[in-house]
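The values are calculated or read from the model by the stated rules, or taken from the named source; none is laboratory data. Fair warning: this is a prediction, and the values are worked out from it, not measured in the lab. Don't worry about glycine lacking a Cβ; one is built from the backbone with ideal geometry, like all the others, and counts go over all protein chains shown. What goes into the accessible areas is simple: the full protein's heavy atoms, side chains included, and nothing from ligands, DNA or RNA. Shrake-Rupley method; radii C 1.70, N 1.55, O 1.52, S 1.80 Å.
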Amino acid sequence: MTQQGVRWTADQVLALAPDAASRKAGSKLGAAGPWSEAGSTDEGTVWGLCKGSGSKPYQTVIDIADAAGPAYKCSCPSRKFPCKHALGLLLLWAGGDGAVPPGQVPDWAEQWTEGRRKRAEDKRTAGAPGSSSGSGDPEAARRRAERRAVRITAGATELEQRLADLLRGGLAGAEQAGYGLWEETAARMIDAQAPGLAARVRELGAIPSSGPGWPVRLLEECALLHLLDQGWLRRERLPDGLAATVRSRIGLSGAADGPPVRDRWLVLAQYDTADARLTTRRIWLYGAESGRTALLLSYGAAGRAPEIALPVGLALEAEVSAYPGAGQQRAALGEQFAAPAPVGIRPPGVPTDVAAARYGEALRDDPWLDSVPVTLDRVVPTPDGDSWQLADVDGDSALPLSPAARSRPGLWRLVALSGGAPVKVFGECGHRGFTPLTAWPEGAGEAVPLC
């Protein structure tokens, strides 16, 4: 399959934008006016010169065939990936009106693409069986793991004491102490090399200011944190799958050691969450032949977008390998055999009551699970007092939307797409409700990102 015949939709391109400002700016550059010497190849390279405020145009080149999603290079000073020029060029290419014709790659673009592909090949060669790269002293690695386990155990024991002090003094003390108490405790967990515990502790600090009913929510989260502490302290007694889940939740995720699964993976959704330190990108995939749902996680330092980006609604033929842990969907993207391309694949859907039951079943393997990925079939977004819900057309059950979903513009996009008619919706179902991420209209129609 060649790249030249593959065209994405504008929604698929704009779903790659790192933020709303980039999406808006990129849309303005999706016309032929500011571009010159644009071109593309069957191998997946797209390039062009974009007129800017300076005397020299910006050189923009995109490698669509990259295994981790489109890769970008632009001479503009922006630190966002993709920048507005790359988004604009992709929109121009996706339009398919001849503005980005087939052509010979210019030297400046070819230099970059060849360099990237050579580095990728070198990396694959270095990781091949028999390569000396990455080999180390197993005994030294074992000693490091033991030392870290001792630190984590000390941190978990200290955290247990702090939780006991909080409950002994009463939850009202948490409101009076403010966020500083939790930030200092989280710092202690970082010192103990337990980033998973630190992240959950930081979440506790926001609960006292989260509105009515916060003492109940704080008690629930303290109980889950206590359960995680006890799981670590008694990990030798746990079944292997649950012990792996505890290690992952603590912050010891390990390597993706599951057997590679080759499939055509439909990109179901992609969205970012960010704090002051890190941007986390979550990409959901669905295997057309295996029927598996897999989660790719990618990270970027504060102010920078994560490296992996895949267009929603396209499918790529690739291998993925699962991470350890009972009920875990996280996987690593391996070798890619074909670039992302449009397909007619849609994941099978279930009624809302089955979706809720799936979340309950998943909690048996992972009590700390916030939500599970699920596709709802033939549902209609309907008002529910001051909130919204997704109601089954063919049944009498419904799922409330999560608070996060109710505050996003994607809700109104979903309502407009439905127009009172049933739609298929992929999202995350958990104790806070259902968060829609992507939707498909009945019959034919492209995937519509909602996040």
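Of everything in the range 16-40 that's under 14 Å from Cys83 (Cβ atoms) and surrounded by fewer than 17 Cβ atoms within 10 Å (Cβ to Cβ), which residue is modelled with the lowest pLDDT?
The extreme case among them is Asp19.
Quick one: is Arg262 within 30 Å of Glu289 (Cβ to Cβ) and surrounded by 14 or more Cβ atoms within 10 Å (Cβ to Cβ)? For Arg262, the condition - within 30 Å of Glu289 (Cβ to Cβ) and surrounded by 14 or more Cβ atoms within 10 Å (Cβ to Cβ) - is met.
For the range 280-292, a residue qualifies if it is assigned to a strand (DSSP E or B), at pLDDT below 95 and open to solvent by 10 Å² or more (accessible area, probe 1.4 Å), and the qualifying residues are Thr280, Arg282. If you go through the range 123-140 one residue at a time, do you hit one that is of a type in the set (A, V, I, L, M, F, W, C) and at pLDDT 90 or above? No: the range 123-140 contains no residue that is of a type in the set (A, V, I, L, M, F, W, C) and at pLDDT 90 or above. Here the condition is being on the phi < 0 side of the Ramachandran plot, in a strand (DSSP E or B) and open to solvent by 30 Å² or more (accessible area, probe 1.4 Å); of Leu296, Leu316, Leu333, Leu268, it holds for Leu333 alone. In the set (1) open to solvent by 20 Å² or more (accessible area, probe 1.4 Å); (2) at pLDDT below 90, the condition left unmet by Arg200 is number (2). Considering only residues in the range 217-249 that are within 17 Å of Gly196 (Cβ to Cβ) and outside any helix (DSSP H, G or I), the one that is least open to solvent (accessible area, probe 1.4 Å) turns out to be Leu238. Here is the figure for the range 417-441: residues that are free of Cβ contacts under 8 Å to residues at least 60 places away in the same chain, farther than 18 Å from Ala15 by Cα and open to solvent by 40 Å² or more (accessible area, probe 1.4 Å) total 3.
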